[in-house]
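A.B. asks: The following block contains the structure, expressed as C-alpha coordinates.
The values are calculated or read from the model by the stated rules, or taken from the named source; none is laboratory data. Keep in mind it's a predicted model, so treat the numbers as computed, not measured. Backbone-built Cβ (ideal geometry, glycine too); neighbour counts: all protein chains shown.
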Amino acid sequence: MLVRFTKMHGLGNDFVVIDLISQDIKLREEQMRALADRHLGIGYDQLLTVEPPSDPEADFLYRIFNANGREVEQCGNGARCLILFLREMGLTAKKSIVLETKGGNLFCKIEEGDNVSVNMGVPKLNPKDIPFLSEKTEVFYDIPVANKEHQQSECNHVTLSAINIGNPHAVIGVEDIKMAPLNELGPIIESHSSFPKKVNVSFMEIINRGEIALRVYERGVGETLACGTGACAAVVSGRLQGRLDPKVKVHLAGGSLYIHWPGQNKDIHMTGPACRVFEGKIKI
(Lines give C-alpha, C1' and ligand atoms only; values in the text may rest on other atoms or scores of the structure.)
Protein backbone atom coordinates (compact mmCIF):
# COMPACT_ATOMS: atom_id res chain seq x y z
CA MET A 1 0.00 0.00 0.00
CA LEU A 2 1.29 3.47 -0.92
CA VAL A 3 0.86 6.16 1.75
CA ARG A 4 1.03 9.87 0.99
CA PHE A 5 2.96 11.89 3.56
CA THR A 6 4.45 15.32 4.16
CA LYS A 7 7.76 15.89 5.96
CA MET A 8 7.76 19.01 8.17
CA HIS A 9 9.71 20.52 11.03
CA GLY A 10 9.33 23.09 13.77
CA LEU A 11 12.78 24.47 14.64
CA GLY A 12 14.35 21.16 13.60
CA ASN A 13 11.92 19.00 15.62
CA ASP A 14 10.87 16.92 12.61
CA PHE A 15 7.62 15.19 11.75
CA VAL A 16 5.93 13.02 9.18
CA VAL A 17 2.34 14.19 8.71
CA ILE A 18 -0.28 11.81 7.30
CA ASP A 19 -3.76 12.85 6.21
CA LEU A 20 -6.21 10.17 7.40
CA ILE A 21 -9.21 12.13 6.17
CA SER A 22 -8.59 11.35 2.51
CA GLN A 23 -6.66 8.11 3.14
CA ASP A 24 -8.19 5.04 4.80
CA ILE A 25 -5.12 3.68 6.60
CA LYS A 26 -4.45 2.07 9.97
CA LEU A 27 -0.77 2.08 10.88
CA ARG A 28 0.63 -0.52 13.26
CA GLU A 29 3.39 0.23 15.77
CA GLU A 30 5.97 -1.75 13.82
CA GLN A 31 5.11 0.18 10.65
CA MET A 32 5.55 3.49 12.50
CA ARG A 33 8.92 2.37 13.82
CA ALA A 34 9.99 1.42 10.29
CA LEU A 35 8.93 4.82 8.94
CA ALA A 36 10.88 6.53 11.76
CA ASP A 37 14.15 4.82 10.77
CA ARG A 38 16.39 7.57 9.38
CA HIS A 39 18.35 5.11 7.21
CA LEU A 40 15.69 2.68 5.96
CA GLY A 41 12.51 4.79 6.30
CA ILE A 42 11.68 8.50 6.19
CA GLY A 43 12.93 9.49 9.62
CA TYR A 44 11.12 11.61 12.21
CA ASP A 45 10.87 12.54 15.87
CA GLN A 46 7.08 12.16 15.81
CA LEU A 47 4.44 10.93 13.38
CA LEU A 48 1.38 13.20 13.22
CA THR A 49 -2.02 12.21 11.85
CA VAL A 50 -5.10 14.31 11.13
CA GLU A 51 -8.58 12.79 11.25
CA PRO A 52 -12.21 13.94 11.61
CA PRO A 53 -12.85 15.04 15.23
CA SER A 54 -15.07 13.28 17.75
CA ASP A 55 -15.49 16.56 19.68
CA PRO A 56 -18.09 18.78 17.94
CA GLU A 57 -16.22 21.89 19.13
CA ALA A 58 -13.01 20.85 17.35
CA ASP A 59 -12.12 21.22 13.67
CA PHE A 60 -9.78 18.21 13.47
CA LEU A 61 -8.48 15.30 15.52
CA TYR A 62 -4.70 15.56 15.94
CA ARG A 63 -2.79 12.45 17.05
CA ILE A 64 0.90 12.16 17.92
CA PHE A 65 3.07 9.03 17.83
CA ASN A 66 6.69 8.90 18.97
CA ALA A 67 9.41 7.21 16.94
CA ASN A 68 8.87 4.03 18.99
CA GLY A 69 5.26 3.84 17.70
CA ARG A 70 3.65 4.79 21.02
CA GLU A 71 0.91 7.42 21.06
CA VAL A 72 1.46 10.45 23.31
CA GLU A 73 -0.79 13.20 24.56
CA GLN A 74 0.62 16.42 23.17
CA CYS A 75 3.25 18.08 20.96
CA GLY A 76 3.42 21.86 20.59
CA ASN A 77 5.89 21.98 17.69
CA GLY A 78 3.81 19.36 15.92
CA ALA A 79 0.64 21.41 16.40
CA ARG A 80 2.21 24.36 14.61
CA CYS A 81 3.28 22.12 11.73
CA LEU A 82 -0.15 20.53 11.51
CA ILE A 83 -1.85 23.93 11.27
CA LEU A 84 0.41 24.89 8.35
CA PHE A 85 -0.23 21.48 6.76
CA LEU A 86 -4.01 21.92 7.00
CA ARG A 87 -3.86 25.30 5.29
CA GLU A 88 -1.42 24.28 2.56
CA MET A 89 -3.34 21.07 1.75
CA GLY A 90 -6.59 23.01 1.46
CA LEU A 91 -8.24 21.19 4.36
CA THR A 92 -9.29 24.49 5.93
CA ALA A 93 -9.29 28.20 5.14
CA LYS A 94 -9.63 29.25 8.78
CA LYS A 95 -6.97 31.29 10.57
CA SER A 96 -8.16 30.11 13.99
CA ILE A 97 -8.37 26.32 14.31
CA VAL A 98 -9.27 24.01 17.19
CA LEU A 99 -7.40 20.69 17.39
CA GLU A 100 -8.74 17.80 19.44
CA THR A 101 -5.89 15.90 21.10
CA LYS A 102 -5.43 13.16 23.68
CA GLY A 103 -4.15 15.88 26.04
CA GLY A 104 -7.10 18.25 25.50
CA ASN A 105 -8.17 20.73 22.82
CA LEU A 106 -5.63 23.18 21.38
CA PHE A 107 -6.65 26.62 20.14
CA CYS A 108 -4.33 27.66 17.32
CA LYS A 109 -3.97 30.81 15.25
CA ILE A 110 -1.97 31.53 12.10
CA GLU A 111 0.17 34.65 12.52
CA GLU A 112 2.35 36.64 10.09
CA GLY A 113 4.52 34.55 7.78
CA ASP A 114 4.66 30.90 8.80
CA ASN A 115 4.38 31.62 12.54
CA VAL A 116 1.64 29.87 14.47
CA SER A 117 0.52 30.64 18.01
CA VAL A 118 -0.93 27.88 20.16
CA ASN A 119 -2.88 28.22 23.40
CA MET A 120 -1.52 25.24 25.32
CA GLY A 121 -4.05 25.63 28.15
CA VAL A 122 -3.47 25.91 31.89
CA PRO A 123 -0.31 24.12 33.09
CA LYS A 124 -1.11 21.33 35.55
CA LEU A 125 0.94 21.41 38.74
CA ASN A 126 -0.94 18.93 40.95
CA PRO A 127 1.18 15.75 41.13
CA LYS A 128 -1.78 13.46 40.37
CA ASP A 129 -2.42 15.38 37.13
CA ILE A 130 1.16 15.11 35.85
CA PRO A 131 1.30 12.21 36.95
CA PHE A 132 4.05 12.35 39.57
CA LEU A 133 4.26 10.47 42.85
CA SER A 134 4.17 13.08 45.60
CA GLU A 135 1.80 13.81 48.47
CA LYS A 136 1.74 17.57 47.86
CA THR A 137 2.45 20.18 45.21
CA GLU A 138 5.89 21.80 45.36
CA VAL A 139 7.98 24.07 43.15
CA PHE A 140 10.90 21.62 43.50
CA TYR A 141 11.05 17.90 44.17
CA ASP A 142 14.07 15.82 45.14
CA ILE A 143 14.09 12.32 43.70
CA PRO A 144 16.71 9.58 44.27
CA VAL A 145 18.74 8.50 41.26
CA ALA A 146 20.94 5.42 41.39
CA ASN A 147 24.62 6.09 40.88
CA LYS A 148 25.85 3.61 38.28
CA GLU A 149 29.34 3.64 39.79
CA HIS A 150 28.09 2.26 43.12
CA GLN A 151 25.59 -0.26 44.40
CA GLN A 152 21.90 0.27 43.66
CA SER A 153 21.31 1.19 47.32
CA GLU A 154 23.70 4.14 47.13
CA CYS A 155 21.80 7.02 45.52
CA ASN A 156 22.28 10.57 44.45
CA HIS A 157 19.39 13.02 44.35
CA VAL A 158 18.16 15.20 41.50
CA THR A 159 16.15 18.39 42.10
CA LEU A 160 13.50 19.09 39.49
CA SER A 161 10.13 20.68 38.78
CA ALA A 162 7.26 18.48 37.57
CA ILE A 163 4.65 20.01 35.26
CA ASN A 164 2.05 18.81 32.77
CA ILE A 165 1.56 20.82 29.55
CA GLY A 166 -0.78 18.26 28.00
CA ASN A 167 2.06 15.78 28.61
CA PRO A 168 4.42 15.27 31.58
CA HIS A 169 7.67 17.23 31.94
CA ALA A 170 10.53 17.30 34.42
CA VAL A 171 12.60 20.51 34.40
CA ILE A 172 16.15 20.56 35.79
CA GLY A 173 18.11 23.78 36.22
CA VAL A 174 21.73 23.91 35.03
CA GLU A 175 24.44 26.58 35.05
CA ASP A 176 25.68 25.84 31.52
CA ILE A 177 23.34 24.28 28.96
CA LYS A 178 26.28 22.94 26.94
CA MET A 179 27.42 20.89 29.93
CA ALA A 180 23.95 19.57 30.86
CA PRO A 181 24.08 15.82 31.67
CA LEU A 182 21.28 15.13 29.17
CA ASN A 183 22.51 11.79 27.83
CA GLU A 184 23.25 10.52 31.35
CA LEU A 185 20.23 11.76 33.29
CA GLY A 186 17.68 11.98 30.45
CA PRO A 187 16.92 8.25 30.11
CA ILE A 188 17.14 7.70 33.89
CA ILE A 189 14.59 10.41 34.73
CA GLU A 190 12.40 9.49 31.72
CA SER A 191 11.76 6.02 33.18
CA HIS A 192 11.97 6.94 36.88
CA SER A 193 9.42 5.24 39.11
CA SER A 194 8.21 8.66 40.32
CA PHE A 195 6.66 9.19 36.86
CA PRO A 196 4.12 6.38 36.23
CA LYS A 197 3.66 7.35 32.55
CA LYS A 198 7.31 8.29 32.02
CA VAL A 199 8.33 11.89 31.40
CA ASN A 200 10.03 14.35 29.06
CA VAL A 201 13.17 15.80 30.65
CA SER A 202 14.24 19.43 30.12
CA PHE A 203 17.53 21.06 31.12
CA MET A 204 17.19 24.84 31.54
CA GLU A 205 19.78 27.58 31.80
CA ILE A 206 18.30 30.96 32.82
CA ILE A 207 20.13 33.72 30.91
CA ASN A 208 18.10 36.67 32.23
CA ARG A 209 14.48 37.34 33.20
CA GLY A 210 13.37 37.27 29.57
CA GLU A 211 15.54 34.53 28.09
CA ILE A 212 16.43 30.91 28.74
CA ALA A 213 18.39 28.22 26.92
CA LEU A 214 16.91 24.72 26.81
CA ARG A 215 17.72 21.15 25.83
CA VAL A 216 15.07 18.43 25.98
CA TYR A 217 15.26 14.64 26.17
CA GLU A 218 11.86 13.61 24.82
CA ARG A 219 10.07 10.53 26.10
CA GLY A 220 10.38 7.69 23.58
CA VAL A 221 12.59 9.75 21.24
CA GLY A 222 15.75 11.09 22.88
CA GLU A 223 17.18 14.59 22.46
CA THR A 224 15.39 16.71 19.84
CA LEU A 225 16.35 20.06 18.33
CA ALA A 226 13.25 21.71 19.82
CA CYS A 227 10.27 20.89 22.04
CA GLY A 228 7.28 23.23 22.36
CA THR A 229 5.73 21.70 25.46
CA GLY A 230 9.20 21.48 27.01
CA ALA A 231 9.70 25.20 26.39
CA CYS A 232 6.38 25.91 28.09
CA ALA A 233 7.19 23.69 31.07
CA ALA A 234 10.58 25.36 31.53
CA VAL A 235 9.04 28.84 31.56
CA VAL A 236 6.45 27.69 34.10
CA SER A 237 9.25 26.33 36.31
CA GLY A 238 11.23 29.57 36.06
CA ARG A 239 8.14 31.69 36.74
CA LEU A 240 7.23 29.64 39.83
CA GLN A 241 10.75 30.28 41.12
CA GLY A 242 10.24 34.03 40.59
CA ARG A 243 13.17 34.18 38.16
CA LEU A 244 11.37 34.87 34.85
CA ASP A 245 9.02 37.52 33.46
CA PRO A 246 5.65 36.63 31.85
CA LYS A 247 7.11 36.78 28.32
CA VAL A 248 10.20 34.66 27.65
CA LYS A 249 12.31 33.87 24.60
CA VAL A 250 13.39 30.23 24.68
CA HIS A 251 16.59 29.36 22.81
CA LEU A 252 16.70 25.77 21.53
CA ALA A 253 19.20 24.05 19.25
CA GLY A 254 16.85 24.48 16.27
CA GLY A 255 15.86 28.11 16.92
CA SER A 256 13.71 30.17 19.28
CA LEU A 257 10.17 30.02 20.62
CA TYR A 258 8.26 32.77 22.40
CA ILE A 259 6.31 31.75 25.50
CA HIS A 260 3.81 33.90 27.40
CA TRP A 261 2.46 32.81 30.79
CA PRO A 262 0.78 35.40 33.05
CA GLY A 263 0.85 33.06 36.05
CA GLN A 264 -0.98 30.32 37.93
CA ASN A 265 -4.42 29.29 36.69
CA LYS A 266 -3.77 31.16 33.41
CA ASP A 267 -3.36 29.73 29.89
CA ILE A 268 0.15 29.48 28.48
CA HIS A 269 0.76 30.56 24.87
CA MET A 270 3.52 29.47 22.50
CA THR A 271 4.46 31.18 19.22
CA GLY A 272 6.96 29.95 16.64
CA PRO A 273 7.53 28.92 13.02
CA ALA A 274 6.67 25.79 11.06
CA CYS A 275 8.15 24.55 7.79
CA ARG A 276 7.17 22.07 5.08
CA VAL A 277 10.21 20.17 3.79
CA PHE A 278 8.89 17.79 1.13
CA GLU A 279 6.03 15.49 0.15
CA GLY A 280 6.12 11.92 -1.07
CA LYS A 281 4.67 8.44 -1.11
CA ILE A 282 6.05 5.38 0.63
CA LYS A 283 5.10 1.71 0.48
CA ILE A 284 4.15 0.09 3.76
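A.B. asks: Looking at region 23-50, which of its residues are part of a loop (DSSP other than H, G, I, E, B) and among the charged types (D, E, K, R)?
C.D. replies: Scanning region 23-50 gives Asp24, Lys26, Arg28, Asp37, Arg38, Asp45.
Each row is one residue, and each column tells you yes or no for (1) assigned to a strand (DSSP E or B); (2) modelled with pLDDT under 95; (3) surrounded by fewer than 17 Cβ atoms within 10 Å (Cβ to Cβ).
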{"residue": "Gly186", "(1), (2), (3)": "no, no, no"}
{"residue": "His192", "(1), (2), (3)": "no, no, no"}
{"residue": "Met204", "(1), (2), (3)": "yes, no, no"}
{"residue": "Ile207", "(1), (2), (3)": "yes, no, yes"}
{"residue": "Gly230", "(1), (2), (3)": "no, no, no"}
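A.B. asks: So Tyr217 passes all but one of these: (1) in contact (Cβ under 8 Å) with a residue 60 or more places away in the chain; (2) aromatic (Phe, Trp, Tyr); (3) surrounded by 17 or more Cβ atoms within 10 Å (Cβ to Cβ). Which condition number does it fail?
C.D. replies: Against the list (1) in contact (Cβ under 8 Å) with a residue 60 or more places away in the chain; (2) aromatic (Phe, Trp, Tyr); (3) surrounded by 17 or more Cβ atoms within 10 Å (Cβ to Cβ), Tyr217 comes up short only on (1).
A.B. asks: Just one of (1) modelled with pLDDT of 95 or more; (2) touching a strand residue (DSSP E or B) at 6+ places or on another chain (Cβ under 9 Å); (3) surrounded by fewer than 24 Cβ atoms within 10 Å (Cβ to Cβ); (4) not hydroxyl-bearing (Ser, Thr, Tyr) trips up Asn265, so point out which.
C.D. replies: (2)
A.B. asks: Which is surrounded by 15 or more Cβ atoms within 10 Å (Cβ to Cβ) and not assigned by TED's automatic domain parsing to the domain that holds Lys7, of Asn119, Asn66?
C.D. replies: None of the other options fit; the residue is Asn119.
A.B. asks: Moving on to the next point. Exactly one condition in (1) under 17 Å from the mean Cα position of the chain (by Cα); (2) in contact (Cβ under 8 Å) with a residue 24 or more places away in the chain is false for Pro53; which is it?
C.D. replies: (1)
A.B. asks: Would you be able to tell me the number of residues in region 59-71 that are closer than 19 Å to Ile165 by Cα and in a loop (DSSP other than H, G, I, E, B)?
C.D. replies: The number of residues fulfilling the criteria is 1.
A.B. asks: While we're on this one: Would you point out which residue out of Lys266, Lys198 is assigned to a loop (DSSP other than H, G, I, E, B) and in contact with a helix residue (DSSP H, G or I) (Cβ under 7 Å, 6 or more places away or on another chain)?
C.D. replies: Lys198
Conditions tested, residue by residue: (1) touching a residue at least 24 places away in the same chain (Cβ under 8 Å); (2) farther than 20 Å from Asn77 by Cα; (3) charged (D, E, K, R).
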| residue | (1), (2), (3) |
| --- | --- |
| Asp19 | yes, no, yes |
| Ser22 | no, yes, no |
| Lys26 | no, yes, yes |
| Glu29 | yes, yes, yes |
| Ala34 | yes, yes, no |
| Gly41 | yes, yes, no |
| Leu47 | yes, no, no |
